[in-house]
Structures are given as structure tokens and as C-alpha cells.
Amino acid sequence: MNAADMNDMLRLAGQERRAGAEAPPLVLSRIEETLQSLPDRRGMQRLARRRRFGYVAASLVLIVLALTMAARLPWVADGLNRLSVVGAALRGEGKAMSVTDHGIKLTIEQVKYDGLILAVDYRIRSQHPIDWQTGTSSLVMRADGMEIISMRDANTFFPIGTGKLTKPNIYEGTLLVPMTSYRPPEFKLDISFTKLTGAFGAWSFKLPVKMDRTASTLDSNKRVYNSEGLLEIGDMTFTPLSTRFKFKYTFSSGQTSPSKYLAILQLVDDKDRILRMFAPISTSGGEAAEYPVYAQAVPKDARQLTIKVAYIDPNYWKNHDREIRTVMTEAPTKAHPLKLPQGEAGYIEISDVRYLADRTVIRYRTVGSNPGDQLNFGVLDEKGVYLPWMPQIEEMPGLAERTRTLGPLDPGAPLTFVTQPTVPFLYPGLETVVDIPR
Amino acid sequence: MTELAWDTDVRLAADGDREAFARLVRAMSGEMYRMARTLLHSDADCADAIQEAILQAYRGMGKLREPAFFKTWCMRILIRECGRIKRRVLPVALPQAYEGEAGRPQRMPDLDLQAAVERLEEPLQTTVRLHYWADLPLERIAELTEVPAGTVKSRLHRARKQLAAWLGEGDEEGDVGYERC
């Protein structure tokens, strides 16, 4: 083979490779995601300057320290042995890590990040039983020095995420943070609690986070329409932490007035569980635009997902901002449940209240058009004070029966349930089903 | 995008305007993908490389002195990033059968050309890919890889000679260049 043959072969191979080389959706969506997550560069530069200054100062301190210690090596070893780790910052290398302060040990078990959702699994172990009724927490999380969550004076047991008490002194949960404004492929995560289960202290972690690219993409590109409108669904991405796709909805001149209603999407799996949205998107009449949908991950046992259009009246709350109180006069049963009205959306059925030594379990289900919002209700004691719910792993919304738990109560004490009028969903009959790739 | 609009956006982007930077990247997205595809094996790797190149370019925009060099500068970053990703991926090994007895290469006319290009050492491999796969002329490759055009030419010559040795009977004949300048 001579040079001319080789040259021709290479040119031919090049032509074949270049044919049809249009950027695929995978690449285009990554470019868009990257562009949408670009941080403020001026802020980054300020941060870099501060870091440089910090490194220089830290280096100088280290040099002075090293020179001092070198002269006194026996003392150094002795001194190091006597150092205690209280409220210290740890550097993570992908393994579980812990910090103990005030007798409360906080362990970061695992950090997962799919390019949108950051999930931090953690465990709190306290020397004493955890007071979940009054023990609030204060937390700041940063990615590359930029604040992604700040709940400094949260008045809840845990400001974000979900979890449960596995023992009286152990709480296990997950912090869930949608990274909507800054989504780099990898970053340095700082987690800093200054208050945990009511105790002030310092529980800080610094750890590297890298995007897990495990994802299935479904080339769905579905279009469904009727006289009410046209729904268009783009490629769908399923990760262990989230479900993402783009949709466009165009109102038609059907029965429903687009000037009065907003269109939203509802995602329901084949077991009638509704996926929670991280950032719900609604679209009104006028020029239709494409919107991103960020929802929670589909459960592992789900096979299909139904994407439904629902209409809501955005002015509903203006006229329905009131409480509805229902007093429990007798123990509810499945045959004779206690109904808690929720306006046009429907109602809640309480089928059982079980008084146990350490807790009170309320069994209920929702009946109506908006199961997601209808899950909310409160309970007042005889003095008219709201009783706090015990922390528990949040179940997905749906029509299935479920439970919520209060602290221990006297079976004879009167209970008052509080609900609110809830916006009803109108379904214009536009939906499509997709098979979830596994 | 007109030249004036492009220049304006580059200056705005250098001044920290995110939207202007995004417009520039969107305008180059096809070219960036084709470049990445030239150097990498999978679309997932291409997406990784482009994403990292965008972030690096964005972070470094303040250092860009001449707007006219923006595209070249971005492509350089992308090529470097593709190289980094390629090093991370295991090299494609040729089957044992391609080695003759006593280690002498046998004549294998059906040896896949692409596998042979994979086997080339750097920087010969990237030069071949940029010239033949991406169809870039010598001057442009010289600009992107920051070496003289003569060096690009000699790299291509060495690469063809090596490929001919692997795929054919003997060495590339003569010193004639077949590249478009």
C-alpha cells in the first residue's frame, strides 16, 4: 500500500464519519443544561481571590507551624495525641463520615447527585432520646462556595428532605436539594449544621461530589390532542434520583377558557402513585412555549408512567382562604369513616385512630381530583394548639390508604381536624402513557 | 450570527454576560459536537467533553484578549478535554492474531482502518483525526494544536507511514504530501 492509497482510504473514512453528524438530543440537552447552570462569573472571581488569599495565609501558617514543630518533635506527638475532635470539619473521600458535637453524632452515609438532584443520606445518633417535637435544626449547604440551601432559622425538625426515627435516639433521613441554579458535573460540597435536634454546635463536612451519569433516555416525542389542546412531550430522562423531560401545551378553543385556567402536568405511575415535582410548571393560554419538568424518580417497581394534563383555576385560593374544622366525636371506622371536607377538590376519610403507648396512628385516604394537595391536614388538641407530626418517610401522593403519626395521646381527649378548601383539578382528557425503560 | 453580533457577544461574554456566552456556545454547538465526535467514541463522552469545555471557557473568558480568537480558543479547550477523556478510556487493543510469528506484523488487508488509527500514538492520532475525520486544513490544525504547519505536515506523513506499515505491505512511498493546505 502506498501513500496515495492511504490518503484515499483516510479521506473516504473521514467522509463516512462526517455524514449525518448532527448533534443528538443527549448532547444538545447537556449543552443546554450546562448553559443554564453557569454560575455568576464575577462571584466566582471574588471567591477565587478569597481562596487564593486563604491558601497563602494557610501556607504561611503551616510553614511557621512546621518550623516550630520540627524543633520539638516529642512534644508534637504528645500534643497530637491529646487533640480531640469536637465540632471539627471533615474531608470526605466517598466513605461515610461523622462529626460529634454536644453528644450528637451526625454521619453522612452517602451523597448522590444526578446533575439536578443532590441527595444526602445521613444518620443522627444522640446520647439522649431525640426530641422531635421541639428539636429544630439550622443548616447551610454550599456547592463550590455558593450557597444552595440556607435554612438558618428553620422552625421544623428538619428543614428539607425526609426521614424517620428508627430508634428513640436515632434518626435516619435524606436531604434532598434540587440544584436548579448551579449544576456543575462535579463540585466541592460543604454541609454545615449549626443546630441539630435543638442543640447548638458545629457539624461540618467538606466532600467532593461527582455527577452520577446513570440514566435511561426514552425517545418518547409524543403528541396527543383533542378539542381542548395539544400536548407535546420531548425525550425523557430517568435517573435514580429524578425524572426529566420537556413539554409544550397549546390551548385550543375548546370548552375550557384558557384565560381562566392554567395547565399543569400530573405524572402517575401504573400503581396510581403521583410523582412529586421539584419545580412545578404551569402554562397559560397565549403563545405556547416549551417548559422543563423536574420530578422525583419513578419507583423501581413502576413499569409505566401516565402523563396527564390538568387544569387549575389560579384564583381559587383568593376566595377559599379559610380553615375547615371537623371535631371527632366518635372513633372512626372503615365502615363509618370521619369525613374532612376540602371544598371542590374532595375530602379526606379518616378510617382509624389508634392510640399506642408511644404514638397515635391516624389511618386515612383522600377522595377527589387533587390527591397531591389533598394530603394536607392538621390536628388540634383540646386547647386549640396544633399537634406536631412525628417525622416519617414521605409517601408518594396517591389515592391509596396511608398513615400519619402523632405523639402519644389520651384516648379520651377531644381531637379537632383542620383542612382547607383545596383547588380542584379539571382533566381535559389529554394524557399519554410511556413505558419506563429499565 | 453576523460577524458584528458575534464580536459584540464575545466582548459581552468576556465582561461576564452569561446570556451572550450562551448565545455563542449555541451557535458553535454543532461544530463542537463534530469536533468531539472526531476525537471520541461515544456521544456520552462527547457530551462530557463539551460540557467541561464550556465550563472551562466560561471560567477563563476574562483572560481572552482578542475576540477573533474565541472560537479557536474554545476548540483548543475542547480538543484538550477530548484528549483527557480519551486517556481515561482504555485503549482499543488489536487482536493477538494481528501480530505475526516472532512478533512481525503480518499482512492484514482487512484490518479495520479505524482500529489502526486508534493504535497511533499521540500527537499523530489527533492530527490524523483532525485532518481526515474533521476535514480541517493544515493551517487550521496548526492553529488549534499550536504547532507550525510544517510540524502538522510531518506528523501526517509519519502517521500515514505507520498506518501503511500496519495495513499494507510496506512503508509509504516517497515524500509527497497529500494534505490540503
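Couple of notes before you dig in:
- If you check B:V152, B:V147, B:V128 for being more than 8 Å from chain A (Cβ to nearest Cβ), touching a Leu at 6+ places or on another chain (Cβ under 7 Å) and either under 14 Å from A:D8 (Cα atoms) or at pLDDT 80 or above (or both), only one passes: B:V152.
- Within the range B:79-96, considering residues that are modelled with pLDDT under 85 and assigned to a helix (DSSP H, G or I), the one nearest to the other protein chains (Cβ to nearest Cβ): B:R88
- Qualifying residue in the range A:354-361 (condition: at pLDDT below 90 and not basic (K, R)): yes
- For the range A:254-292, a residue qualifies if it is more than 16 Å from A:M396 (Cβ to Cβ) and within 25 Å of the chain's Cα centre (by Cα), and the qualifying residues are A:L262, A:A263, A:I264, A:A279, A:I281, A:S282, A:T283, A:E290, A:Y291, A:P292.
- Matching residues, the range A:113-135, being surrounded by fewer than 18 Cβ atoms within 10 Å (Cβ to Cβ) and under 21 Å from the mean Cα position of the chain (by Cα): A:D121, A:R123
- Of all residues in the range A:181-221, those satisfying the criterion of being among the polar types (S, T, N, Q) and more than 23 Å from A:D101 (Cβ to Cβ) are A:S181, A:T214, A:S216, A:T217, A:S220, A:N221.
- Considered as a group, the residues in the range A:167-191 that are of a type in the set (D, E) and more than 14 Å from chain B (Cβ to nearest Cβ) include one that is farthest from the chain's Cα centre (by Cα), and that residue is A:D190.
- Any chance B:A44 is in a helix (DSSP H, G or I) and more than 15 Å from A:A21 (Cα to Cα): no
The rows are residues; the columns are (1) buried (at least 17 other Cβ atoms within 10 Å of the Cβ); (2) part of a strand (DSSP E or B); (3) in contact (Cβ under 8 Å) with a residue 60 or more places away in the chain; (4) acidic (D, E).
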site	(1), (2), (3), (4)
A:L340	yes, yes, yes, no
A:I348	yes, yes, yes, no
A:V353	yes, yes, yes, no
A:R363	yes, yes, no, no
A:D373	yes, no, no, yes
A:N376	no, no, no, no
A:K383	no, no, no, no
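- Looking across the range A:1-44 at every residue that is modelled with pLDDT under 75, under 30 Å from the mean Cα position of the chain (by Cα) and loosely packed, with under 15 Cβ neighbours inside 10 Å, the one that is farthest from the other protein chains (Cβ to nearest Cβ) is identified as A:G43.
- Applying the criterion of being among the hydroxyl-bearing types (S, T, Y) and surrounded by fewer than 18 Cβ atoms within 10 Å (Cβ to Cβ) to the residues of the range B:30-78, the residue that is modelled with the lowest pLDDT is B:S42.
Results for (1) more than 14 Å from chain B (Cβ to nearest Cβ); (2) loosely packed, with under 14 Cβ neighbours inside 10 Å; (3) within 17 Å of A:R183 (Cβ to Cβ), shown as yes or no for each residue.
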site	(1), (2), (3)
A:T197	yes, no, no
A:T217	no, no, no
A:D235	no, no, no
A:T239	no, no, yes
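The values are calculated or read from the model by the stated rules, or taken from the named source; none is laboratory data. All values derive from a computational prediction rather than experimental measurement. A quick note on method: Cβ atoms are made from the backbone with ideal geometry, for glycine too, and the neighbour counts reach across all protein chains shown.
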